[in-house]
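First up is the structure itself, then whatever we jot down about it.
Any read-out appearing in this document is the output of simple, stated calculations on the displayed coordinates, not a laboratory observation. No experiment lies behind these values; they were computed from the predicted model shown. All Cβ positions, glycine included, derive from the backbone under ideal geometry; neighbour counts span all protein chains shown.
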Amino acid sequence: MSSCCTQSNMFNAIPKRALTPEGVDAFRGLLQRHVAPKPMGRVATITLVLVVSIVVIAIPLIFWVAHKAAH
């Protein structure tokens, strides 16, 4: 398939159930060799930073406050 026939926002769905287990491995290898990973967009980066911040700061803080309130 040449790039002249597709646009950057198009994709082809290939159902995993249509492949054998060996076919899944072969297809995965083909994708890893020929398809470059798409860099994260700005929204995805901001979302990742917010989630990590919640996990690293907010959750321990909630447990600390609950522990202090229990004593």
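At-a-glance table
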item	result
Unit charges on C-beta of K, R, D, E only; dipole of the chain, Debye	100
The chain: DSSP helices with Cα axial extent of at least 24 Å and average Kyte-Doolittle hydropathy no lower than -1.0	none
Value at 222 nm in deg cm²/dmol, rounded to 500, when DSSP H runs of n ≥ 4 in the chain each add -39,500 (n - 2.57)	-17000 deg cm²/dmol
Space enclosed by the convex hull of the alpha-carbon atoms of the chain, per residue, Å³	179
